[in-house]
Amino acid sequence: MDTSNTHLVLTAMLAPAFFLTATASLLLSANNRLARIIDRARALLRDLPGIEDQAERVLYERRIALQRVRSMAILRAGQLLYVAISCFVGTSLTVAVDAFTGHRLGTLPVWLASIGVLALFAASLLLARESTLAVTAINEEMDHRPKRKEPSSS
């Protein structure tokens with residue numbers, strides 16, 4: 001392999017690194033969001049047994065159900081982001097292997113990169129959906145917050 005071809009292969013191997021950086025940032029964000037969702041669900045579950053008012057209990061159960069939907073959206077997004085990372089790393093590896101084997105892998109690197117981009121796109125849609133659910137959850141909690149007791153005028 002001549003020097004100019006080596007540089008082309010290295011350049012092609014590094015191109016997925018830009019996608020890897022974006023994907024890793026989204027994955028870090030998704031994992032942080034999942035941790036916050038779990039903390040919120042645990043707090044709701046901890047409070048639930050002490051609630052005797054049926055209407056308030058229904059509100060808490062609805063909040064818990066919403067946290068479950070949010071956690072599943074984040075979980076799926078995280079799984080897709082791991083798929084994307086694997087595809088982008090696989091793209092880099094197949095570009096190198098393809099160069100050493102005389103370009104026998106055909107379009108495999110392109111397919112891997114395309115699958116990675118599609119997984120990244122799908123994960124982004126799920127993360128956007130979860131953000132909408134988070135706003136729905138906080139709005140619902142603000143709309144149904146406990147009433148403050150008025151101080152007695154004695």
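No lab work stands behind these numbers, since they all come straight from the coordinates. Just so you know, these numbers come straight off a predicted model, no measurement behind them. Every residue, glycine among them, receives a Cβ derived from its backbone with ideal geometry; neighbour counts consider all protein chains shown.
Rundown of residues vs (1) under 14 Å from Ala137 (Cβ atoms); (2) in contact (Cβ under 8 Å) with a residue 60 or more places away in the chain; (3) in contact with a helix residue (DSSP H, G or I) (Cβ under 8 Å, 6 or more places away or on another chain); (4) of a type outside the set (D, E, K, R), yes/no style:
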position	(1), (2), (3), (4)
Asn5	no, yes, yes, yes
Met13	no, yes, yes, yes
Phe18	no, no, no, yes
Leu26	no, yes, yes, yes
Ile38	yes, no, yes, yes
Pro49	no, no, no, yes
Phe88	no, yes, yes, yes
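Return yes or no: is Ala65 exposed (fewer than 14 other Cβ atoms within 10 Å of the Cβ), among the hydrophobic types (A, V, I, L, M, F, W, C) and closer than 24 Å to Thr136 by Cα? Taking the combined requirement at face value, the residue satisfies it.
In the range 105-119, the residue that is farthest from Gly90 (Cα to Cα) out of those that are loosely packed, with under 14 Cβ neighbours inside 10 Å and of a type outside the set (Gly, Ala, Ser) is Thr107. Of the residues contained in the range 91-102, one or more are found to be over 14 Å from Met13 (Cα atoms) and either under 23 Å from the mean Cα position of the chain (by Cα) or surrounded by fewer than 16 Cβ atoms within 10 Å (Cβ to Cβ) (or both). Only one of Leu120, Leu127, Leu108, Leu112 is free of Cβ contacts under 8 Å to residues at least 24 places away in the same chain and in contact with a helix residue (DSSP H, G or I) (Cβ under 6 Å, 6 or more places away or on another chain); which? The conditions single out Leu108.
May I ask you to list the residues in the range 74-113 that are part of a loop (DSSP other than H, G, I, E, B) and basic (Lys, Arg)? The one that is part of a loop (DSSP other than H, G, I, E, B) and basic (Lys, Arg): Arg104.
Taken together, the criteria exclude Arg57 from residues that are among the basic types (Lys, Arg), touching a residue at least 12 places away in the same chain (Cβ under 8 Å) and either under 22 Å from Ile138 (Cα atoms) or assigned to a helix (DSSP H, G or I) (or both).
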